[in-house]
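To start, the structure under review is shown below, and the notes come after it.
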Amino acid sequence: MEMINTDFLTTLEPMKRLLNVQSIVTVYYFEFSKNYLFAGEQHDFWEMVYVDKGELEVSAGKEGYELKEGDIIFHKPNEFHNLWANGVSAPNVLVVSFVCSSEGMRFFENKIMRLATGERELLAKILQEAKGVFKPELGRLYLQEKRLENPRIGAEQMLYIYLEQFLIRLIRDETTNVNQERMSVATKKKIRKVCG
């Protein structure tokens, strides 16, 4: 039997990774009432908020935006953010927060985007895999009581794979940035009131 020389393995360079998600902190899908208000938070990891249905008002730092169905906003680490329904539309919202310190994440700073069909399908896969890890209300990966006793095989790993694939696809496609035209009158008033 011939032995294979494996000396070349020590000279291989590791594959370059644009993004490496170290932890997924939360996966939530909310069906808010038309008068929902979340006072806000700030944390040292990324958060993306996707409007699956309806409309949503959000703030990021001192800026306010109106998100429509199909829009997603990225909150960078340590950025204060809050959200509220506009009193007219009851929105459905997917929120995923995660730790990723890769240089490629700079692309998402101060971004609001409109997603294409393929990107929405990847979010649906993330949500589907999350349902294979968590009890029906979804939740926080680090809370054991939110996890299913018998999670779907590989579901948690698939969450990471789909999230990284989703983020890379956005960078590749350079999806239309809609930041500048999204601030509504109601959002401007709310921001002025909160920030002075």
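The values are calculated or read from the model by the stated rules, or taken from the named source; none is laboratory data. Remember, predicted model here, so these are calculated numbers, not experimental data. Neighbour counts are summed over all protein chains in view; Cβ atoms, including those assigned to glycine, are modelled from backbone coordinates with ideal geometry. SASA here: full protein model, heavy atoms, side chains in, ligands and nucleic acids out. Shrake-Rupley method; radii C 1.70, N 1.55, O 1.52, S 1.80 Å.
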Pairs where the first residue, in region 25-50, is closer than 26 Å to GLN144 by Cβ and the second is among the basic types (Lys, Arg) and surrounded by 13 or more Cβ atoms within 10 Å (Cβ to Cβ), C-beta under 7 Å, 6+ apart: VAL25/ARG140; THR26/ARG140; TRP46/LYS76
Residue in region 114-132 that is more than 27 Å from LEU148 (Cα to Cα), touching a Phe, Trp or Tyr at 6+ places or on another chain (Cβ under 8 Å) and not charged (D, E, K, R) present: yes
Candidate set from region 66-104 (those that are farther than 24 Å from GLU174 by Cα and not in a loop (DSSP other than H, G, I, E, B)); member that is farthest from the chain's Cα centre (by Cα): TRP84
When residues of region 101-117 are limited to those that are under 19 Å from ALA60 (Cα atoms) and of a type outside the set (Lys, Arg), the one surrounded by the fewest Cβ atoms within 10 Å (Cβ to Cβ): GLU109
So GLU41, is it open to solvent by 30 Å² or more (accessible area, probe 1.4 Å), modelled with pLDDT under 95, over 16 Å from the mean Cα position of the chain (by Cα) and acidic (Asp, Glu): no
